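The values are calculated or read from the model by the stated rules, or taken from the named source; none is laboratory data. Values in this document were obtained by computation on a predicted structure and should not be read as measured data. Cβ placement follows ideal geometry from the backbone for every residue including glycine, while neighbour counts extend to all protein chains displayed. Accessible surface areas use protein heavy atoms only, side chains included; no ligands, DNA or RNA. Shrake-Rupley method; radii C 1.70, N 1.55, O 1.52, S 1.80 Å.
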Amino acid sequence: SDAVCNFVICNDSSLRSQPIIFNPDFFVEKLRHEKPEVFMELVVSNITRLIDLPGAELAQLMGEEDPKLPGANSTASGFFRSLMSLRRKEKGVVFGSPLTEEGIAQVSQLIEYLHKNLRAEGLFRVPGNSIRQQILKDALNSGTDIDLDSGDFHSNDVATLLKMFLGELPEPLLTHKHFHAHLKIADLMLFDEKGNKTSTPDKERQIEALQLLFLILPAPNRSLLKLLLDLLYQTAKKQDKNKMSAHNLALMFAPHILWPRNVTANDLQENITKLNNGVTFMIKHSQKLFKAPAYIRECARLHYLGSRAHTSKDDLDLLTSSGSKDLQPLKSQKRSRLDTCHQEETQQRTEEALKELFRHVHSMPDSAKKKKLIRQFNKHPTALTPGSDVPTSPAPRRNRSRSFSGLIKRKVLGTPVILERKSRDATPEPERVSKENVHLLQKCGSPAHMAQAKLKSLESQKEESCRHMRGHLLSKDSSSL
């Protein structure tokens, strides 16, 4: 599962009724703030897995080199840069300054107002009144509270001022360092069955690459980008009223959030289409782009909980697929373990009973009966004595004996009984126990009773044989007479 949930016991009854705020990216944000180098290495390694970034462009993405942007050395762009710097000479707290949390708080008022006025036709395309825009701009720069719902401003005034704020930032919202990476993402295409690149965009890989790229944006840029793309997404959903599709909105905002600063359309040339299409794609899929990929979440979680970390999506997919396939074997293994434990417990009880029988035979007074029983135990050269330790560990598979004494020796002595076979390929016959032994096992309630029953059986056999012999001798004598 992608989610990570912690349960906390709360003793304060006043807090138990409060809603639980769950952040599935908790460990991702924790890793970003506490170990930025580890976080950056993790994310960038997966970005390079998806898109091919040469050494210079990778160094620019990592911030190790200054970004090399199109048209940076041309005379026209230099003149354009000087003109723009003159226009931004008077910088305020919000407009023309680097992006800060305070600036985002001021601009978020504009975004919140526009969310309530998305039905205006030509929103973001039709310019507003310049005088009302200047009044509103001065109020935002000074930090004055503004009542946009008073009716003094039109939605087109607010929309134009939002674009003006983005256009006067020192660098685009997606930063100069990420410019080449976005061009590479636009080139991600599907492959056919033969492995040839097609002209169909690979949307899943593009979404994954944007998710990773947004993770390493500066925090203020990422916060404002999320607010902006969500606004544009909601605007495009009402295009039947405002006549502004996702592509039309992308044409309005691509120069402000993605184009490098102080460049013209001639400097970008063939890249304009890629950049505009890239912003269109961001607007359409904005609800998915600010979630960390599942394998990044898992890796961040395992980094803190302590386990083997997965460094790529492929590792996580492999783990997920193998886990689902092994679900049934795991259940059967659990069931077999329970059966094995039950069998071991039964076997242990049997062995204890046989040990007691073994000790009882050796404690009997010396007699012919005792000697006969001991001979049965001592047929194997490694037979144990009453004082020896009986091994309880599982022994390797042994050939089965056909007699009751063989069963005792297997359980008590833990040694195999070697049986001669007529043929190497012949299969061993199943273990057979005599009818007399079965009756003994059923009638005797304890090992001592079993021993006594066995001795009585042997004695009765001996007496019967003696009577048979005497009868045989008497019949022989009478016939001779």
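Cβ-Cβ contacts under 7 Å between residues 6 or more apart (or on different chains), taken from a first residue in the range 118-135 that is within 13 Å of LEU161 (Cβ to Cβ) and without any contact (Cβ under 8 Å) to a residue 40 or more places away in the chain to a second residue that is outside any loop (DSSP other than H, G, I, E, B) and β-branched (Val, Ile, Thr), are listed as PRO127/THR160; GLY128/THR160; GLN133/THR160. When the range 191-221 is examined, which residues are found to be under 26 Å from GLU171 (Cβ atoms) and surrounded by fewer than 16 Cβ atoms within 10 Å (Cβ to Cβ)? If the condition is that a residue be under 26 Å from GLU171 (Cβ atoms) and surrounded by fewer than 16 Cβ atoms within 10 Å (Cβ to Cβ), then PRO218, ALA219 are the ones that fit. Determine whether the range 282-291 contains at least one residue that is open to solvent by less than 40 Å² (accessible area, probe 1.4 Å) and charged (D, E, K, R). The answer is no; no qualifying residue exists.
Please work out which residue is nearest to the chain's Cα centre (by Cα), limiting yourself to the range 103-117 and to residues that are more than 16 Å from ASP149 (Cα to Cα) and surrounded by 16 or more Cβ atoms within 10 Å (Cβ to Cβ). Among those that are more than 16 Å from ASP149 (Cα to Cα) and surrounded by 16 or more Cβ atoms within 10 Å (Cβ to Cβ), it is ILE104. When PHE165 is tested against the conditions (1) closer than 22 Å to PRO255 by Cα; (2) open to solvent by 60 Å² or more (accessible area, probe 1.4 Å); (3) not β-branched (Val, Ile, Thr), the lone failure is (2). From the list ASN271, ASN262, ASN277, the one residue that fits, being touching a residue at least 24 places away in the same chain (Cβ under 8 Å), over 22 Å from THR200 (Cβ atoms) and either in contact with a strand residue (DSSP E or B) (Cβ under 9 Å, 6 or more places away or on another chain) or open to solvent by less than 50 Å² (accessible area, probe 1.4 Å) (or both), is ASN262. Considering the range 42-55, and only residues there that are open to solvent by less than 50 Å² (accessible area, probe 1.4 Å) and not β-branched (Val, Ile, Thr), the residue that is nearest to GLU204 (Cα to Cα) turns out to be LEU50. When ALA159, ALA120 are checked against the criterion of being buried (at least 16 other Cβ atoms within 10 Å of the Cβ), farther than 30 Å from PRO293 by Cα and touching a Ser or Thr at 6+ places or on another chain (Cβ under 6 Å), a single residue qualifies: ALA120.
A single member of ALA139, ALA181 is more than 24 Å from ASP230 (Cα to Cα) and open to solvent by less than 30 Å² (accessible area, probe 1.4 Å), and it is ALA139.
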